[in-house]
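Visitor: Got a structure for you, questions after.
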Amino acid sequence: MNISPYNATVTEKIMISPDLMILRIEADDPRDEFDAGQYLLLGLFASEIRSKNSEPEDTPVNPEKLIQRPYTIVSARTERKQFEFFISQIKSGKLSPRLFNLEPGRRLHICSSNSGIFRLDETPEGSDIIMLATGTGISPYISFLRSHIVERPESKMIVIQGARHRWDLGYNSELEFLEQSYANFFYVPTLTDADDQWKGQRMSIEDLLKNDFLQNEFNISPDPERTHFFVCGNPEMVANVSDWLLGFGYRKHHPDNPGELYIEEF
């Protein structure tokens with residue numbers, strides 16, 4: 001008898017925009033302990049229906065193939081069965097259009113082990129933490145904050161979230177709430193295509209940094225001895241910010257070769 005690899009159930013689906021959603025699932029059995037910033041593989045068979053908002057695949061997939069992709073866990077690191085993911089739809093992609101077609105009660109696969117080296121707990125105590133994100137790159141930072149914000153009262157923690165439009169700012173309500181609740185946390189959303197009602201920043205993350213925003217607003221300078229940077233999201237933003245920080249003497253972090261610049265591309 002064949003046993004289905006599906007071992008989790010969709011409990012909630014929240015559409016942020018036609019191509020952005022929060023997906024909450026519950027695993028049948030507890031998963032391994034994970035660290036904030038790590039990811040799990042989600043999977044669906046290719047026979048599953050794609051969303052109506054998707055485009056045809058470049059090459060068809062065998063219907064019996066289990067398609068798997070890594071997604072960063074948004075949940076706090078204390079979770080073992082209930083997991084949250086912030087997912088963007090790649091319209092011609094293999095998996096995301098099938099995930100976007102799921103509704104509460106539907107089944108899917110979640111792997112048993114986690115992976116990833118994009119972790120806040122590897123930064124020195126007392127260091128200031130700057131978290132830069134576009135799109136679903138905000139995902140690991142929500143897990144960071146849900147897991148560690150109460151443990152780091154001595155650190156300034158700043159999230160700068162870039163997007164084109166206001167509705168692309170996933171988790172902005174939660175981030176605004178955290179800013180009101182913790183004196184050491186600051187949230188800076190910035191839009192490149194804002195409407196007339198927008199009162200916040202109106203430029204790319206790269207331009208914001210190069211205009212000395214951190215120094216002027218928070219008295220923080222790019223100093224590897226004091227401030228660690230996390231950069232996650234659009235590859236062009238990641239490359240531009242990384243090059244800028246390398247000019248200040250930052251080193252890319254790896255567990256075997258610690259540095260002050262943590263990079264994750266989506």
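Values in this text are rule-based calculations from the coordinates and carry no lab data. Just so we're clear, the structure is a prediction, and the values are computed from it rather than from any experiment. Neighbour counts run over all protein chains shown; Cβ positions are idealised from the backbone, glycine included.
Visitor: If you take the beta carbon distance between residue 195 and residue 69 as r and set R0 to 35 Å, what does 1/(1 + (r/R0)^6) give as a FRET efficiency, to the nearest 0.05?
Guide: Working from the Cβ atoms, E equals 0.55.
Visitor: Next up: Can you compute the modelled spin-label distance between residue 125 and residue 17, with each label point 7 Å from Cα toward Cβ, in nm?
Guide: 4.1
Visitor: Now for a separate question. Can you tell me, using C-alpha contacts under 8 Å and at least 6 residues apart, the relative contact order of the range 120-265 as a whole percent?
Guide: About 25 percent, as a whole number.
Visitor: Continuing with the same structure: Could you check what % of the DSSP bridge pairs in the range 125-266 are antiparallel, to the nearest 5?
Guide: Percent antiparallel among DSSP bridges in the range 125-266 is about 5.
Visitor: How far apart, in nm, are the 7 Å Cα→Cβ label points at residue 184 and residue 256?
Guide: In this crude spin-label approximation the distance works out to 3.3 nm.
Visitor: Moving to a separate point now. In a Gaussian network model over the chain where Cα atoms closer than 10 Å are linked, find which of 37, 126, 162 has the largest mean-square fluctuation.
Guide: 126
Visitor: For the range 8-110, what is the Kirkwood estimate of the hydrodynamic radius, computed as the reciprocal of the mean inverse distance between distinct Cα atoms, to one decimal in Å?
Guide: 13.9
Visitor: What do you get for GluC sites (Glu not before Pro) in the range 63-138 restricted to DSSP loop and a cutoff of at most 11 other Cβ within 10 Å of the site's Cβ?
Guide: Answer in residue order: 64, 125.
Visitor: Given Cα pairs under 8 Å that are at least 6 residues apart, what percent is the relative contact order of the range 174-253?
Guide: That works out to 18 percent.
Visitor: Follow-up question, since we're still on this one. Show me the GluC sites (Glu not before Pro) within the range 147-224 that DSSP assigns to loop and that have at most 13 other Cβ atoms within 10 Å of their Cβ.
Guide: Loop-located and lightly packed - 154.
Visitor: Using 7 Å Cα-to-Cβ label points, what is the residue 150/residue 167 separation (nm, one decimal)?
Guide: It is 3.6 nm.
Visitor: Now a separate question. Just to be sure I understand: of the beta bridges DSSP finds with both ends in the chain, what percent are antiparallel, rounded to 5?
Guide: Of those bridges, close to 50 percent are antiparallel.
Visitor: Okay, next question. Across all directions of projection, what mean area in square nanometres is found for the Cα convex hull of the chain?
Guide: Working: hull surface 61.9 nm².
Seen from a random direction, the Cα hull of the chain projects 15.5 nm² on average.
Visitor: What is the magnitude of the charge dipole of the chain about its Cα centre, with +1 placed on the Cβ of each Lys and Arg, -1 on the Cβ of each Asp and Glu, and no other charges, expressed in debye to the nearest 20?
Guide: It comes to approximately 780 debye.
Visitor: Pairs of Cα atoms under 8 Å, at least six residues apart: use those to get the relative contact order of the range 8-110, whole percent.
Guide: Reported as a whole number, the value is 40 percent.
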